[in-house]
Amino acid sequence: MSSEEESSQTSSPSSPSSPPPPPLPPCSPPPASHFVGRKEDIVKAGRLTKLVNGCRDVLVLHHQGQLHAMDTRCYHSGGPLQSGDIEEFNGMLCIVCPWHKYKITLAGGEGLYQAVDDPTARPLRTHWRSKGVKQRIHKVTEVNGDLYVTLNESSEAIESDVYQTESYRIGLFKTKPQPRSKT
Ligand code: FES
């Protein structure tokens, strides 16, 4: 191998000794994204709700320097997640629905439940486990201080889809929590 070849291999970006540079921030909104507000306003408010693309009510959250977006109404019975607290369970940040206290992870929209390993053991030992993805999560992108939401249009049905109809939209601030058994 010539010294020129050696030198070009050493400086190759795929060399294990030189980590790849961090990705550049986007300079234009991604395709099919929708403007939802200025980042500074959402940071100040902590959260906002927006009807995106005329068809989907989305909650945008700013928490611990991260932005998240998800369907506004809870998958369980349509509760207003914009009024939920954010808490950590097993290291997973969740929004806690104000109606029946279901926990939904900010990162993936998973519902959490408390599992018991051995129901005969005293004291009982419980663990937070996932029920799977229940709340539709959307993508937030910042471009020059503007925030855009790209709707998650996966064709796979997600339980929170049920609460995206016009009737639920109109009743968003009027409805009271309905008794419903846990799932
Ligand atoms: S509506 Fe959210 S926990 Fe029941």
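The values are calculated or read from the model by the stated rules, or taken from the named source; none is laboratory data. Note that the structure is predicted; figures quoted are calculated from it, not measured. All Cβ positions, even for glycine, are placed from backbone atoms using ideal geometry, and neighbour counts span all protein chains on display.
Before moving on, here are some points about what is shown:
- Of all residues assigned to the range 127-146, none qualifies as being among the small types (Gly, Ala, Ser), touching a Ser or Thr at 6+ places or on another chain (Cβ under 7 Å) and in a strand (DSSP E or B).
- Of the criteria (1) more than 17 Å from the chain's Cα centre (by Cα); (2) over 29 Å from Glu40 (Cα atoms); (3) more than 14 Å from the ligand (Cβ to nearest atom); (4) modelled with pLDDT of 95 or more, which one Gly132 fails: (1)
- Against the conditions (1) free of Cβ contacts under 8 Å to residues at least 24 places away in the same chain; (2) surrounded by fewer than 22 Cβ atoms within 10 Å (Cβ to Cβ), Ala107 satisfies every one except (1).
- Filtered residue count, the range 110-143, keeping only those that are surrounded by 11 or more Cβ atoms within 10 Å (Cβ to Cβ), of a type outside the set (Val, Ile, Thr) and without any contact (Cβ under 8 Å) to a residue 12 or more places away in the chain: 1
- Filter pass, Ala157 being loosely packed, with under 11 Cβ neighbours inside 10 Å, of a type in the set (A, V, I, L, M), away from the ligand (no atom under 15 Å from the Cβ) and modelled with pLDDT of 95 or more: yes
- Of the criteria (1) of a type in the set (S, T, N, Q); (2) closer than 29 Å to Val143 by Cβ; (3) modelled with pLDDT under 95, which one Gln64 fails: (3)
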